[in-house]
Amino acid sequence: LGTVTMHLERFLLRYFPPGIVLDYVKSGVRRTKNIDLLTLNAETDVNEVASEIIQREPLVTEKLREQLVSLLQKLQEKVVQHSDHQFYLFKATKKKLFFKSCGWGSCCFQEKTEGE
């Protein structure tokens, strides 16, 4: 099997809702990964957030800490300017009816939520 190579091309800032997007190349294919920072506010320690990202994301190395902290500070300033917004993660669910044979020659319907 061939070796999978990944390298970070650039960071992208997403101001609303707050987050960072990692633009990277994996085996010659450009991809992106979103890192949501919905709780970022004026009191957030951006050095701590940077440490968490570096620990969690293999694409973000310690060499990039200074650049990452600078971007987090810029994002934090923008969020503070628009502090009247509150952001949430949510998942929409859809209900479907599934045909189910009950074994008596008749049929019944079963309601099921997607993801179950």
Could you check how many residues of region 42-86 are under 14 Å from Phe16 (Cβ atoms), polar (S, T, N, Q) and touching a residue at least 24 places away in the same chain (Cβ under 8 Å)?
-> 2
Candidate set from region 39-56 (those that are acidic (Asp, Glu) and assigned to a helix (DSSP H, G or I)); member that is nearest to Lys78 (Cα to Cα) = Glu48
Within the bounds of region 72-93, is there any residue that is within 18 Å of the chain's Cα centre (by Cα), surrounded by 10 or more Cβ atoms within 10 Å (Cβ to Cβ) and at pLDDT below 60?
-> yes
Among the residues of region 44-60, which ones are modelled with pLDDT under 95 and loosely packed, with under 13 Cβ neighbours inside 10 Å?
-> Pro58
Of the residues in region 17-37, those that are open to solvent by 40 Å² or more (accessible area, probe 1.4 Å) and in contact (Cβ under 8 Å) with a residue 40 or more places away in the chain come to Pro17, Asp36
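The values are calculated or read from the model by the stated rules, or taken from the named source; none is laboratory data. As the structure is a prediction and not an experimental result, all values here were calculated from the model. So basically every Cβ, Gly included, is an ideal-geometry build from the backbone, and we count neighbours across all protein chains shown. Quick note on the areas: whole protein, heavy atoms, side chains included, nothing else; ligands and nucleic acids left out. Shrake-Rupley method; radii C 1.70, N 1.55, O 1.52, S 1.80 Å.
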